[in-house]
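Engineer: Take a look at the following structure, please.
The values are calculated or read from the model by the stated rules, or taken from the named source; none is laboratory data. Remember, it's a predicted structure, so these values are computed and weren't measured experimentally. In this analysis, Cβ positions are derived from the backbone assuming ideal geometry, glycine residues included, and neighbour counts consider all displayed protein chains.
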Amino acid sequence: MDDDVIYLEQLAKEAGREIMKYYKTTAEVCRKADGSPVTIADKSAEDLILKRLAEHFPNIPAIGEESVNYAEEHSFCGRFWLVDPLDGTSEFVAERDEFTVNIALMQNGVPILGVIYAPAEDILYLGGSILGCSYKVLQGKRLKLPITRLDKPTAAISRTHPTRGQEEKFLKLLQDKYDLSIRRTGSSLKFCMIAEGSASLYFRSGTTMFWDTAAGHAIVKASGGAVKEWKKHGEELTYRDNSLKNPAFIAVNPHWEALVEELL
């Protein structure tokens, strides 16, 4: 499997290079049916990733954000890929470096391997049960995660999507009780912060899709953390709903899991 993991690292970086061709250019921004932005960078990167996956893993089907057919019934048995070619398109359009390439390998609705690449920063994260741990890859060196430990809880929250309702109440509770700090960032980098230890938790009640979270989920879990459904009192988030939408969830660093369990 190690050769396959290296291939996926190289593929994520190749997709990142494709994305960077369009970064800070006048590329047209379109709007999808849900109002979210999409650019030629999203589509070009996804075409590349799906083509390469089909060539290298011909027996494993793939679901990509920009080409998914929502009318189809999706089988979540066996192995399949979940691909978000450009997670954080809003950050990309705003010329902020917090966007990523997300590739996740799923097994019966559970993420078992995730690769996240931030092309503007040239930082890659990978991990999953297949590897038994998670890594941050920086300047060609693999650093095992987590690599830091915070003295007080810190929440990673979206830079683009405002906190409201359930999220706002939860964060206020933690701020009042534990002097919670806040760190805003875009895309799946919030999961990477949890895995490396630079953030304690990430709670999201707004709409997210499977491809937004699966790679980060695999990396967080393999680093010793957890990604749990909010309404099911601590059950692990799974990926079997044909809507491809996630329920409210919380990702938590292993050092702060007891704090979250206290509140679930």
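Engineer: Out of the strands (runs of 3 or more DSSP E) lying entirely within region 25-73, which hold 1 or more residues that are under 20 Å from Leu244 (Cα atoms) and more than 18 Å from the chain's Cα centre (by Cα)? Spell out how you get there, then give the answer.
Structural biologist: Values: elements: 29-31, 37-39, 62-64.
Hits in region 25-73: 29-31.
Engineer: Against the definition (under 23 Å from Ala118 (Cβ atoms), hydroxyl-bearing (Ser, Thr, Tyr) and over 13 Å from the mean Cα position of the chain (by Cα)), how does Ser205 come out, yes or no? Spell out how you get there, then give the answer.
Structural biologist: Details: under 23 Å from Ala118 (Cβ atoms): no; hydroxyl-bearing (Ser, Thr, Tyr): yes; over 13 Å from the mean Cα position of the chain (by Cα): yes.
So Ser205 fails the test.
Engineer: Only one of these is part of a helix (DSSP H, G or I) and either among the β-branched types (Val, Ile, Thr) or crowded, with 24+ Cβ neighbours inside 10 Å (or both): Ile194, Ile250. Name it.
Structural biologist: Values: Ile250 fails: part of a helix (DSSP H, G or I).
Only one candidate qualifies: Ile194.
Engineer: Separate question: Anything in region 75-92 that is crowded, with 18+ Cβ neighbours inside 10 Å, not in a strand (DSSP E or B) and not aromatic (Phe, Trp, Tyr)? List them, or say none.
Structural biologist: Listed by number, the residues that qualify are Gly88, Thr89, Ser90, Glu91.
Engineer: Go through the residues of region 222-240 one by one and say whether even a single one is part of a helix (DSSP H, G or I) and at pLDDT 95 or above. Lay out the reasoning, then the answer.
Structural biologist: Kept after step one, since they are part of a helix (DSSP H, G or I), are these residues of region 222-240: 222.
So of that shortlist, the ones also at pLDDT 95 or above come out as 222.
Yes, there is a match, as at least one residue in region 222-240 is part of a helix (DSSP H, G or I) and at pLDDT 95 or above.
Engineer: Look at Ser158 and say whether it is out of contact with any His (no Cβ under 6 Å at 6 or more places or on another chain), small (Gly, Ala, Ser) and surrounded by fewer than 23 Cβ atoms within 10 Å (Cβ to Cβ). Reasoning before the result, please.
Structural biologist: On the way: out of contact with any His (no Cβ under 6 Å at 6 or more places or on another chain): yes; small (Gly, Ala, Ser): yes; surrounded by fewer than 23 Cβ atoms within 10 Å (Cβ to Cβ): yes.
Yes; evaluated as a whole, the condition is true for this residue.
Engineer: Could you please find all residues in region 207-216 being farther than 23 Å from Asp97 by Cβ and either out of contact with any Lys or Arg (no Cβ under 8 Å at 6 or more places or on another chain) or surrounded by fewer than 24 Cβ atoms within 10 Å (Cβ to Cβ) (or both)?
Structural biologist: First, the residues of region 207-216 that are farther than 23 Å from Asp97 by Cβ: 207, 210.
Once the filter is applied, which keeps residues that are farther than 23 Å from Asp97 by Cβ and either out of contact with any Lys or Arg (no Cβ under 8 Å at 6 or more places or on another chain) or surrounded by fewer than 24 Cβ atoms within 10 Å (Cβ to Cβ) (or both), region 207-216 yields only Thr207.
Engineer: If you don't mind, there's one more thing I want to ask. Quick check on my filter: what residues within region 108-131 are small (Gly, Ala, Ser) and either touching a Gly at 6+ places or on another chain (Cβ under 9 Å) or modelled with pLDDT of 95 or more (or both)? Give the steps one after another, and end with the answer.
Structural biologist: The first filter runs over region 108-131 and keeps only residues small (Gly, Ala, Ser), leaving 109, 114, 118, 120, 127-129.
Gly114, Ala118, Ala120, Gly127, Gly128, Ser129 - these are the residues of region 108-131 that are small (Gly, Ala, Ser) and either touching a Gly at 6+ places or on another chain (Cβ under 9 Å) or modelled with pLDDT of 95 or more (or both).
Engineer: Pairs under 8 Å by beta carbon, first residue of a type in the set (Lys, Arg) in region 127-152, partner assigned to a loop (DSSP other than H, G, I, E, B), six or more apart or different chains?
Structural biologist: That search, which allows pairs on different chains as well, returns Lys136/Leu145; Lys136/Ile147; Arg149/Gly197; Lys152/Asp179; Lys152/Leu180.
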